[in-house]
């Protein structure tokens, strides 16, 4: 398994990412994750839509909370042909509780808690923490990666406008 040291930091401390580094133009790996009711969901099930796939360390942290709420707000303006999926290592029960408490109803939350298949396939598994790095992947309707934003400092928010601009080009 590939390892990349120092690509990201947490509070200035370098961390190691595990998994294959994706590139623009790659076909997005199809992985199976757990939805809030523990049902298996394949990322390919969002094919035919432009898809924003956001990986976060944990919804129960301030930055992940702000990021996912922001994407939920943006979802209405993006329309039904754009799916927004947030993936974390949080247990599905915790994701369901968080969505209910936060009023998040347009972002789909999926859990990679089982075998960390998403983290490894997308190259965002943090070796030292067994959590996902903060990253955003924009996939076109055919499931091809068209935009990638790996947030260098885990405690920083992504550059939302860049992501929204990438989505607008695909609509």
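Taking Cα centroids, how far is region 52-75 from region 1-28 in Å?
Measuring centre to centre over Cα atoms gives 19 Å.
Using a/c under 1.5 as the rounded threshold, could you call region 10-60 rounded, prolate or oblate? The axes a ≥ b ≥ c are square roots of the C-alpha gyration tensor eigenvalues, and prolate needs a/b larger than b/c, oblate otherwise.
Values: a/c = 2.22, a/b = 1.33, b/c = 1.67.
Because a/c hits 1.5 or more and a/b fails to exceed b/c, region 10-60 counts as oblate.
Between rounded, prolate and oblate, where does region 3-170 land on the alpha carbon gyration tensor, with a ≥ b ≥ c its root eigenvalues, rounded for a/c under 1.5, else prolate if a/b exceeds b/c?
Details: a/c = 1.28, a/b = 1.13, b/c = 1.13.
Note, shape of region 3-170 comes out rounded.
Order of 111, 58 from fewest to most other C-beta atoms within 10 Å?
Details: 111 22, 58 17.
Fewest to most other Cβ atoms nearby, the residues stand as 58, 111.
Which of these, 77, 102, 34, has the largest mean-square fluctuation under a Gaussian network model of the chain (Cα springs below 10 Å)?
77
Pairs of alpha-carbon atoms within less than 8 angstrom and 6+ residues apart define the contacts here; what relative contact order does region 51-171 have, in percent? Please list the in-between numbers first.
Numbers: 190 pairs, mean separation 34.2, N = 121.
Relative contact order for region 51-171 comes out at 28 percent.
Starting from the Cα of residue 23, step 7 Å along the direction of its Cβ; do the same at residue 168; then give the gap between the two resulting points in nm.
2.9 nm
What residues of region 1-35 lie in the reach of a label at residue 144, counting those whose backbone N is under 18 Å from a point 7 Å from the Cα along Cα→Cβ?
22-30
With a 10 Å cut-off between alpha carbons and a GNM built on the chain, which of 106, 127, 11 moves the most?
Taking springs between Cα atoms under 10 Å, the residue moving most is 11.
For an R0 of 41 angstrom, estimate the FRET efficiency from the Cβ-Cβ distance between residue 73 and residue 1 and round to the nearest 0.05. Before the final figure, lay out the partial values.
Numbers: r = 36 Å, r/R0 = 0.88.
After rounding, the FRET efficiency stands at 0.70.
Output the antiparallel fraction of DSSP beta bridges having both residues in the chain, as a percent to the nearest 5. Spell out each step's value before the answer.
On the way: 25 of 36 bridges.
If I count the DSSP bridges inside the chain, around 70 percent turn out antiparallel.
Could you work out the relative contact order of region 70-135, using alpha carbon pairs under 8 angstrom and six or more residues apart, expressed as a whole percent? Working shown, then result.
Values: 67 pairs, mean separation 20.7, N = 66.
The value is 31 percent.
Can you sort 108, 52, 24 from fewest to most other Cβ atoms within 10 Å of each residue's own Cβ?
Values: 108 22, 52 25, 24 12.
With the sparsest Cβ surroundings first, the list reads 24, 108, 52.
Return the calculated 222 nm mean residue ellipticity for the chain, to the nearest 500 deg cm²/dmol, obtained by summing -39500 (n - 2.57) across DSSP H runs with n ≥ 4 and dividing by the residue count.
Working: 4 runs with 44 residues, N = 171.
Result for the chain: -8000 deg cm²/dmol, rounded to the nearest 500.
For the chain, set up a GNM with springs between Cα atoms under 10 Å and report which of 20, 161, 146 has the largest fluctuation.
Checking each option, the largest mean-square fluctuation is seen for 161.
Tell me, what is the percent relative contact order of region 25-71, built from C-alpha pairs under 8 Å that lie six or more residues apart? Spell out each step's value before the answer.
Values: 22 pairs, mean separation 9.2, N = 47.
With pairs under 8 Å counted, the relative contact order is 20 percent.
Every number in this text was worked out from the coordinates using simple rules, so none of it is lab data. Predicted model, so just to flag it, every value in this text is computed and none were measured. Ideal geometry is used to build each Cβ from the backbone, glycine not excepted, and the neighbour counts take in all protein chains shown.
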